[in-house]
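> Sharing a structure here in structure tokens format.
The values are calculated or read from the model by the stated rules, or taken from the named source; none is laboratory data. Being a predicted model, the structure only gives us computed values, none of them experimental. Every residue, glycine as well, gets a Cβ built from its backbone with ideal geometry; the counts of neighbours run over all protein chains shown.
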Amino acid sequence: MAFSPEYRTYSPATSASMAAALDAGLRAYMLRVYNWMASGLLVTAIVAFGIANTDLINLFYQTPFGFRRAPTILAYAAMFAPLAFILVLSLGINRLSTTAAQALFWAFCGVMGASLTNIFIVYTGESVVRVFFITAATFAATSLYGYTTKSDLSRMGSFMIMGLIGIMIAGLVNLFMQSSALQFAISVIGVIVFVGLTAYDTQRIRADYVEYAYAYGPDEAGKRSVYDSLSLYLNFINLFTLLLSLLGNRNSN
């Protein structure tokens, strides 16, 4: 007895309806990711500005013997604490509940704000605001390119990750060398790297949603949106600090 295989076919109207539903879901998901990122940046800015303009700054930076402000142990703790949050969110995202992932993201953004308080000491407030808007425009244009381009950016992403490792190593070396020329090179290359990573990560987030959209339940989508926003948030923060080192005006005191 012969059995004919059964094929599932879709009419053009059904295919168009599925494509429209997928596109609407993608736009809603990307909007959620960008909203998380923007909210995180707002929390970071509020914490950094609030500490810098209140007596809390004395807990992070002191002026021993009348010299320029020096970081305290609390300041160093704030600088390295975000690494712990990134590891927990990256490695434990599958085991965390949506509420826990969101709470960790908010806490991470707050700690990141505390670690960035020194920018209001080193740079003028006007230049911080100016560079922030330059960063926002650069990020928006690059992320839009990553979302709309038909080119495969995966090879570029691998190259940019290698570049990121390189500038991290160079940055550690420069902690001992204190070379202004090397620091300038790190900043310039770093801007290129994080511009590239912004486009790559945006395309990756879009592609992951398109591939796994039907496997995402509400809880999984909620966690994934937090994790994906973390990638874009880190790209923005690093791009901002690198551009600030290149374009920011330093305080005279």
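> Looking at segment 170-185, can you tell me whether even one residue there is within 20 Å of the chain's Cα centre (by Cα) and either buried (at least 19 other Cβ atoms within 10 Å of the Cβ) or of a type outside the set (Gly, Ala, Ser) (or both)?
So in segment 170-185, the residues within 20 Å of the chain's Cα centre (by Cα) come out as 171.
Filter once more, keeping what is either buried (at least 19 other Cβ atoms within 10 Å of the Cβ) or of a type outside the set (Gly, Ala, Ser) (or both): none.
So far as segment 170-185 goes, no, none of its residues is within 20 Å of the chain's Cα centre (by Cα) and either buried (at least 19 other Cβ atoms within 10 Å of the Cβ) or of a type outside the set (Gly, Ala, Ser) (or both).
> Let me ask something else about it. Restricting attention to segment 38-50, does a residue exist that is in contact with a helix residue (DSSP H, G or I) (Cβ under 7 Å, 6 or more places away or on another chain), outside any helix (DSSP H, G or I) and either in contact (Cβ under 8 Å) with a residue 12 or more places away in the chain or under 19 Å from residue 238 (Cβ atoms) (or both)?
No: zero hits.
> Go through segment 112-186 and tell me which helices (runs of 4 or more DSSP H), entirely inside it, have 1 or more residues that are polar (S, T, N, Q). It would help to see each step written out before you state the result.
Details: elements: 119-122, 125-148, 154-177.
It comes to 125-148, 154-177.
> Return the residues of segment 66-89 that are part of a loop (DSSP other than H, G, I, E, B) and at pLDDT 75 or above; say none if nothing qualifies. First the steps, then the outcome.
Step one: list which residues in segment 66-89 are part of a loop (DSSP other than H, G, I, E, B), which gives 67-69, 72.
Answer for segment 66-89, where residues must be part of a loop (DSSP other than H, G, I, E, B) and at pLDDT 75 or above: just 72.
> Now a separate question. Only one residue in 131, 111 is at pLDDT 90 or above, in contact with a Leu (Cβ under 6 Å, 6 or more places away or on another chain), surrounded by 13 or more Cβ atoms within 10 Å (Cβ to Cβ) and closer than 25 Å to residue 60 by Cα, so which one is that? Full working, then the answer.
Working: 111 fails: in contact with a Leu (Cβ under 6 Å, 6 or more places away or on another chain).
131 is the lone residue from the list that is at pLDDT 90 or above, in contact with a Leu (Cβ under 6 Å, 6 or more places away or on another chain), surrounded by 13 or more Cβ atoms within 10 Å (Cβ to Cβ) and closer than 25 Å to residue 60 by Cα.
> Right, something else. Just to be sure I understand, how many residues within segment 98-107 are over 16 Å from the mean Cα position of the chain (by Cα) and touching a residue at least 60 places away in the same chain (Cβ under 8 Å)? Give the derivation first.
Going residue by residue through segment 98-107, those that are over 16 Å from the mean Cα position of the chain (by Cα) are 98-100, 103.
Within this subset, residues satisfying the condition of being touching a residue at least 60 places away in the same chain (Cβ under 8 Å) are 98.
Of the residues in that region, 1 qualify.
> Among the residues in segment 3-17, are any within 21 Å of residue 220 (Cβ to Cβ), out of contact with any Leu (no Cβ under 9 Å at 6 or more places or on another chain) and either assigned to a helix (DSSP H, G or I) or modelled with pLDDT of 80 or more (or both)? Please lay out each step first, then the result.
Taking segment 3-17 as the starting set, the residues that turn out to be within 21 Å of residue 220 (Cβ to Cβ) are none.
No, because not a single residue in segment 3-17 is within 21 Å of residue 220 (Cβ to Cβ), out of contact with any Leu (no Cβ under 9 Å at 6 or more places or on another chain) and either assigned to a helix (DSSP H, G or I) or modelled with pLDDT of 80 or more (or both).
> Now for a separate question. Might you check whether a residue that is under 19 Å from residue 86 (Cβ atoms), hydroxyl-bearing (Ser, Thr, Tyr) and modelled with pLDDT of 90 or more occurs anywhere in segment 182-199?
Initially, segment 182-199 is screened for residues under 19 Å from residue 86 (Cβ atoms), giving 190, 193-194, 197-198.
When the remaining residues are screened for being hydroxyl-bearing (Ser, Thr, Tyr), the result is 198.
Narrowing the set further to residues that are modelled with pLDDT of 90 or more leaves 198.
Checked segment 182-199: at least one residue is under 19 Å from residue 86 (Cβ atoms), hydroxyl-bearing (Ser, Thr, Tyr) and modelled with pLDDT of 90 or more.
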